[in-house]
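Take a look at the structure set out below.
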Amino acid sequence: MKDRDEIAQALAASGYIADSELATAIALMQRLRRPLLLEGEAGVGKTEVAKALASVHATELIRLQCYEGLDQSSALYEWNYQRQLLAIEAHRGHADTIEDQIFSEKYLLERPLLSAIRRGKPPVLLIDEIDRADDEFEAFLLELLSDFQVSIPELGTIKAVSIPHVVLTSNGTRELSDALRRRCLYHYVDYPDVEREARIIMARINGASASLSLQIARMVECIRKEELRKVPGVAETLDWAAALVGLDVRDLHEAPETVHETLMCLLKTQEDKVRISREVSERILGKVA
Amino acid sequence: MSCCGATPDFEGMDEVSRLVSGKLAAFLRTLRDNGFAIGLAEGQDAASLMASGYAAKPGLLRSAFKHLFSARRSDWQKFDGLFDAFWLGKRVRSRSLAMGSTKAANNPSLKSMQDGAQPGGSQSAGDQVPSSEDAPSSRGGEGRMEGASRAENLAEVDFRKLADPARIAQAHEAAAQLARIMRTRLTRRDLARRRGYRLDLRRTIHRNISHGGVPISLVKRQRKEKPLRLIVLLDASGSMSMYTSVFLSFIHGVLDEFREAEAFLFHTRLAHVSGAMKEKDAARALDRLSLLAQGAGGGTKIGESLQTFNRWHAARVIHSRSVVMIVSDGYETGDAALLGREMAALAKRCRRIVWLNPMMAWEGYAPEAKGIKAALPHIDLYAPANTLKSLTALEPYLARL
């Protein structure tokens, strides 16, 4: 399929090194017009996919961060009450016209979901950490994602001007409904393999040489195999690589001290820190060619 | 960027030969049998994909179908094997679910369950001794061991035949009723206790715009209730075999009645069984479970199972109002120290840990097993649960949470 390779190249050009499966998913997303549900451990680059997608399409990224208690007024639309009140005060005595006036576009505050369906050029809509939102919101979202229209009681139904590219991410803190899962294309984002991670480091960190990137990627892969409470993700790898480059490390073997001291970029709990002691980090470093 | 965005063209179906669409339908059936949730829309999309050139290369088609049909990580992981087996004729190495249940009537470990289900059965609580001498030769010649052993018993145990149907129905009904009582009590008490009403200023202003902004009708806020979530971890090992059937019925009742409940089964591995248990029909639920419980009748690795739970499931299923209920006799054939560590980790996460031990009511029982000794310090309630009555006795405790 031609469009798949094109997508992979375009993603790479925007700084996201995708595996071929993800490129297929994005090609399918356009063909079938389905949202893409990304699952995976924290820090494997789920959110980055949406950002890269936006830059591939040269379009805007609209992000909705989900949290417990997220409701329609902060996700979809809200009336600008302060302005409405002001208008009422200013036009006191014209009661018959005022109502039409204050429930007009001018007083409507667009929230991410509404603004995503009203753009001329289809934007990328990122619904981040959908698992943190409540069940009720998920059901509402499902309706929006299938009809792409919103009804506002005071204004009427607003139809989508363009269908956005929807990307949902989930960390798995809650089980998502089967209906939502069925509606979406699914992609499990796994930790990248050594070669791809090295390419990611080179693409993202200025001044990271090919050999250093490969060393870092190998080391991180070994660390991931240790029994850790919090396995470092790609984001942590990039932090660590940036730290090493910033400290002028050219070769990990030349600076085992620095390597061990900067491991705090990767290890985020006390327990993990204790587990990767100086001896362990040296042993791992020894394995990295 | 070529944004084709074509809506699935159903005329494209003509291009797909009848043979291929028949094969596709069979593939969808295979996936559904393996627990994939696939609707009609997915089938149509799949057909249109095949018509539009994705079928040219197996690798490409596999990748496309994988995204389309998978809905969760477990689907994602087993998809490739299923696809290869179906389309490319390779053998599936993973133990994917076969259709239908197997004839397990002459399965010895099942036999022990049948016997054990009689009330007051005096069968010894199979121990972890891995000796094969006391394993009676199986009638079916399948050479499986009775009771617990270190070897993983891969028998497909048919839970439906645990006891006579009347008794199962009775137990199930009682358990379901019990679960219902627990649920209603919990909600009512909760509502009566929390009166954290706050004024919702924003909505009040909105509502009163028609009064010129004078707040006449007030909008209040109420704290959202999180219902208690019950997570049951059931030991389905050989030593528990005489109780497994009743507890499975209980879990089925609990999942039916609690809006939020999750169930796991463990023996030498941990299996998430909520999906299978949510089947309305108890007999069908138990039938599906028999597929999941392969290995029941082998040893018990409580520590390892808990480790799996803590690592892969805990973050998702446990929230601030969760009670974890472990039903096990505490006979650990693995590492008891590991069990202690994992119990400590679990205790940090959830509100209460209830450990139900059916053996506890036995005369002269003392928590001597290494496993239970390691776990005891982290348990909030350690109670017997050999009869439905003792289960009922738990209800006031859970209601207080």
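Please tell me if A:Q9 is at pLDDT 85 or above, under 24 Å from A:D193 (Cβ atoms) and within 12 Å of chain B (Cβ to nearest Cβ).
Numbers: at pLDDT 85 or above: yes; under 24 Å from A:D193 (Cβ atoms): yes; within 12 Å of chain B (Cβ to nearest Cβ): yes.
Against the criterion (at pLDDT 85 or above, under 24 Å from A:D193 (Cβ atoms) and within 12 Å of chain B (Cβ to nearest Cβ)), A:Q9 qualifies.
Residue-wise test of (1) within 11 Å of chain B (Cβ to nearest Cβ); (2) crowded, with 18+ Cβ neighbours inside 10 Å; (3) of a type outside the set (K, R).
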site: A:Q30; (1), (2), (3): yes, yes, yes
site: A:P35; (1), (2), (3): no, yes, yes
site: A:A42; (1), (2), (3): yes, no, yes
site: A:C66; (1), (2), (3): no, yes, yes
site: A:Q72; (1), (2), (3): no, no, yes
site: A:N80; (1), (2), (3): yes, no, yes
site: A:S104; (1), (2), (3): no, no, yes
site: A:L114; (1), (2), (3): no, yes, yes
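If you take the residues in segment B:29-57 that are more than 13 Å from every other protein chain (Cβ to nearest Cβ) and assigned to a helix (DSSP H, G or I), which one is surrounded by the fewest Cβ atoms within 10 Å (Cβ to Cβ)?
Of the residues in segment B:29-57, the ones more than 13 Å from every other protein chain (Cβ to nearest Cβ) are B:29-30, B:33-34.
Those left that are additionally assigned to a helix (DSSP H, G or I): B:29-30, B:33.
Values: B:R29: 12, B:T30: 16, B:D33: 14.
Filtering first and then ranking leaves B:R29.
How many residues are in contact (Cβ under 8 Å) with a residue 60 or more places away in the chain and within 11 Å of another protein chain (Cβ to nearest Cβ) if we restrict to segment A:44-64?
3
Go through segment A:198-225 residue by residue and tally those that are of a type in the set (S, T, N, Q) and buried (at least 20 other Cβ atoms within 10 Å of the Cβ). Spell out how you get there, then give the answer.
Of all residues in segment A:198-225, those of a type in the set (S, T, N, Q) come to A:206, A:209, A:211, A:213, A:215.
Next cut, buried (at least 20 other Cβ atoms within 10 Å of the Cβ) only: A:213, A:215.
Of the residues in segment A:198-225, 2 are of a type in the set (S, T, N, Q) and buried (at least 20 other Cβ atoms within 10 Å of the Cβ).
Answer yes or no as to whether A:L145 is in contact with a strand residue (DSSP E or B) (Cβ under 8 Å, 6 or more places away or on another chain), under 30 Å from B:R316 (Cα atoms) and part of a strand (DSSP E or B).
Numbers: in contact with a strand residue (DSSP E or B) (Cβ under 8 Å, 6 or more places away or on another chain): yes; under 30 Å from B:R316 (Cα atoms): yes; part of a strand (DSSP E or B): no.
No, not satisfied.
Take the conditions at negative phi, loosely packed, with under 15 Cβ neighbours inside 10 Å and either at the interface with chain B (Cβ under 8 Å from one of its Cβ atoms) or touching a residue at least 40 places away in the same chain (Cβ under 8 Å) (or both) and apply them to A:E195. Does it pass? Outline the logic, then answer.
Values: at negative phi: yes; loosely packed, with under 15 Cβ neighbours inside 10 Å: yes; either at the interface with chain B (Cβ under 8 Å from one of its Cβ atoms) or touching a residue at least 40 places away in the same chain (Cβ under 8 Å) (or both): no.
No: the conditions fail for A:E195.
Among the residues of segment B:58-87 satisfying the criterion of being part of a helix (DSSP H, G or I) and of a type in the set (S, T, N, Q), which is surrounded by the fewest Cβ atoms within 10 Å (Cβ to Cβ)?
In the first step, residues of segment B:58-87 are kept if they are part of a helix (DSSP H, G or I); the result is B:58-69, B:73-87.
Pick out the ones that are also of a type in the set (S, T, N, Q) and you get B:63, B:74, B:77.
Numbers: B:S63: 27, B:S74: 15, B:Q77: 12.
So the residue we want is B:Q77.
Pick from A:V259, A:V249: which is outside the structural domain of A:A12 (by TED's automatic domain parsing) and part of a loop (DSSP other than H, G, I, E, B)? Before the answer, list the steps.
Values: A:V259 fails: part of a loop (DSSP other than H, G, I, E, B).
Step by step, each of A:V259, A:V249 is checked, and only A:V249 is outside the structural domain of A:A12 (by TED's automatic domain parsing) and part of a loop (DSSP other than H, G, I, E, B).
Which condition breaks for A:R63 when tested against (1) outside any loop (DSSP other than H, G, I, E, B); (2) farther than 22 Å from A:R111 by Cα; (3) of a type in the set (D, E, K, R)?
Going through the list (1) outside any loop (DSSP other than H, G, I, E, B); (2) farther than 22 Å from A:R111 by Cα; (3) of a type in the set (D, E, K, R), A:R63 breaks only (2).
Pairs, please: C-beta under 7 Å, at least 6 apart or cross-chain, first residue more than 7 Å from chain A (Cβ to nearest Cβ) and in segment B:64-79, second polar (S, T, N, Q) and surrounded by 21 or more Cβ atoms within 10 Å (Cβ to Cβ)?
B:F79/B:S70
How many residues are among the charged types (D, E, K, R) and in a strand (DSSP E or B) when one looks only at segment A:148-179?
Residues of segment A:148-179 that are among the charged types (D, E, K, R), as a first pass: A:154, A:159, A:174-175, A:178.
Restricting the remaining residues to those that are in a strand (DSSP E or B) gives A:159.
So the count comes out to 1.
The values are calculated or read from the model by the stated rules, or taken from the named source; none is laboratory data. This structure is a prediction, so every number in the text was calculated from the model and none was measured. Here Cβ is always computed from backbone atoms with ideal geometry, including for glycine, and neighbour counts include all displayed protein chains.
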